[in-house]
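Computed from the coordinates by the stated procedures, all read-outs in this text should not be read as laboratory data. Because the structure is a prediction, the values reported are computed rather than measured. With ideal geometry, Cβ positions are generated from the backbone for all residues, glycine too; neighbour counts draw on all protein chains shown.
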Amino acid sequence: MPVTLLSDIRDYPWTNLLTGILPVRVAARLPSRFQSKQAPIVPAASVAGNALTVVIAIMSFLACLTAGAVYMVNQSAQAWVNDISSEITVELDPVNEADIEKKMTLVSLFLAKQKGITEVKPLTAEDSAKLLEPWLGQSSALQALPIPRLIAVEIDRSNPPDIDLIKTALSQNFEGVTLDDHRRWQAEIRTLTRSAALGGIAVLGLVAAATIAVIVSATRSAMASNREIIEVLHFVGAHERFISSEFERHFLGLGVRAGLMGAVAAAIAFLLLPLMTHMLGGGTVTTAETQRLIGSGELDLPGYFLCVLVVIVVACLCMITSRLGVIRVLKSYA
Amino acid sequence: MIRFDNVGLRYGNGPEILRDVTFHVLPGSFHFLTGPSGAGKTTLLRLLFMSLRPTRGLIFVFGENVSDLSAGGRSELRRRIGIVFQDFRLLDHLTTWENVALPLRVMGKKESQYKDDVTDLLRWVGLGERINAYPEILSGGEKQRAAIARAVIGRPELLLADEPTGNVDPVIGNRLLRLFVELNRLGTSVIIATHDHALMDQLNAPRLMLHNGHLHVR
């Protein structure tokens, strides 16, 4: 099968593919080298109807959206993990501490002396209160709450400190001081990313299965309506491979055409996504949460490359499915 | 070239259409296949062309037992056989030229290799002016000639024709018979199924007579 497929790809009339993808009126205006000199043995109109093109285009659109969304979530999560993995947070319990500011200074000085720590940034009480604002709102009551004080510590990722050693030293020297290296958060983000990826793969699998089912059905229908042509081809000595290539060429054109339509629609959706997120955001907090999950909502170049990949996969899926479908039906005729 | 040994054929549980049919076709021979309507002439041609399998008996085509052949093997043998159907079997969406060129296209030949041959043959059978016409606007006789041209364009080793002169006037009929004779002189074995006695009388060729499912050579 692989050798057959390779020789099929080599022998394929690629210059005619363009005319197969473009609408008939546009294709007729192409230079002669792109024009097919002979009519296709299996007429295109008897294989690929508009409804089938629309269905495959929708499948391609859904696949591009899924692949792009998973990619964006993954990129955003990766950026988040990179961000928090270069930072640790030291938390000071404010309860029963008369002079919390002095303790903040002492702990900061202690941390700054440790190997592998590049920057120590104590957060003020206002900074800590601001972190709670999205959930509790702006209120003077925040001042009265015993909000933990935080020290953001940036670490040298190329020469990281011994976190466990620092944790032990802090607990021995200071009371009510804890260190959070964000491992739990990293694990949760990874779980979220994996879940999104698995969900995306499941959706892509369903889209692929639906595409295969539609193509199998369309292949059978095309073969039934062209049965007389198949018989004549048999009578003039055509091999199954020749007959299947006559059908698969139409399905390849259909796959490329419909795949491109779906991918272009998805690309437009991704281009408009930041604007839509802003317009339909539902408030600052929701917008901020959405952006935390999928970033700014803008797909970068590798993300758009995924859409191109979807077009290639859809076209190959159409071609291979129709080929196998035709050979199966031909065997049943025999 | 062709050998039938005690071949029988029935459709489903029906009566046997052909019974104990035994005959040989030698290379370069010319035969008429005749008999009353419904005697099984078309069925016998379909067996020769491997589009039917015998219920019993053995059929050898070009030395190969057709029962043992794969689909690919049958296709290879069919390339060595030209067939003219009673109902022409031209493809309506292809021009006359493209229909005639179809066997060569299927063989994977390039258009430049056969372009002139197809045009010359179409002119010879009187369809020079109808090269770009589609079958639906051709008359019955023109379709018949196009179908014959398609059958002979690949210079087959065996030509099977089912009532090839049934839809043409005597002048064109004689011309087509000359084409078959010419092909036969070049080495092609020819079997023509017909009940046109005037046509058969023009040639001193053996007649395979089908009657009540039995075959007699006369």
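Inter-chain Cβ neighbour count for A:223-236, averaged per residue, equals 5 (cutoff 10 Å, partner chain atoms only). Listed from fewest to most Cβ neighbours within 10 Å, the set A:64, A:316 follows the order A:316, A:64.
With Cα atoms defining each centre, segment B:50-117 and segment A:233-272 are spaced 28 Å apart in the structure. Using R0 = 56 Å, the C-beta based FRET efficiency linking residue B:64 and residue A:87 works out to 0.10. Taking each residue as 0.36 nm, the span from residue A:209 to residue A:271 lengthens on full extension beyond its C-alpha to C-alpha distance by 19.5 nm.
Apply the a/c threshold of 1.5 to the C-alpha gyration tensor of chain B and tell me whether it is rounded, prolate or oblate. Note, shape of chain B comes out prolate.
What pairs in A:102/A:130; B:41/B:109; B:41/B:115; A:331/B:115; A:331/B:143 have C-alpha atoms more than 29 Å from each other? Going by Cα-Cα distance, B:41/B:109; B:41/B:115; A:331/B:115; A:331/B:143 fall outside the 29 Å limit. Where both bridge residues fall in the protein assembly as shown, DSSP classifies roughly 65% of the beta bridges as antiparallel.
Averaging Cα coordinates gives a centre for segment A:205-226 and one for segment A:46-63; these two points are 11 Å apart. Comparing B:40, B:82, B:126 in a Gaussian network model of chain B where C-alpha atoms under 10 Å apart are linked, the largest mean-square fluctuation is found at B:126. Annotation: the antiparallel percentage among DSSP beta bridges lying fully within chain B is about 50.
Counting, for every residue in B:84-96, the Cβ atoms of other protein chains within 10 Å of its Cβ and taking the mean gives 3. Straight Cα distances below 14 angstrom link residue B:110 to the aspartates and glutamates A:11, B:98, with same-chain residues fewer than 8 positions distant left out. Taking every alpha-carbon pair under 8 Å whose residues sit at least 6 apart, segment B:104-218 reaches a relative contact order of 20 percent.
If R0 is taken as 41 Å, the Cβ-Cβ distance between residue A:183 and residue A:54 corresponds to a FRET efficiency of 0.25. With R₀ fixed at 41 Å, the C-beta to C-beta distance from residue B:10 to residue B:117 puts the FRET efficiency at about 0.45. By the count of neighbouring beta-carbon atoms within 10 Å, fewest first, A:234, A:182, B:214, A:278 end up ordered A:278, B:214, A:182, A:234. Result for chain B in a Gaussian network model with C-alpha springs under 10 Å: among B:63, B:28, B:141, the largest mean-square fluctuation is at B:63. Averaged over peptide B:74-82, the number of partner chain Cβ atoms lying within 10 Å of each residue's Cβ comes to 4. By other beta-carbon atoms within 10 Å, ranking B:129, B:157 with the fewest at the front produces B:129, B:157. Taking chymotrypsin sites (Phe, Trp or Tyr not before Pro) as exposed when their DSSP state is a loop state and no more than 16 other Cβ atoms lie within 10 Å, the longest site-free interval of chain B runs over B:63-218. What angle do you read, to the nearest 10 degrees and between 0 and 90, between the alpha-carbon axis of helix B:111-124 and the longest principal axis of chain B? On a 0 to 90 degree scale, this one is about 80. Would you please classify the overall shape of segment B:8-63 from the alpha carbon gyration tensor, given that a ≥ b ≥ c denote the square roots of the eigenvalues, rounded means a/c under 1.5, and beyond that prolate means a/b larger than b/c while oblate covers the rest? Oblate is the answer for segment B:8-63, as a/c is 1.5 or above yet b/c matches or exceeds a/b.
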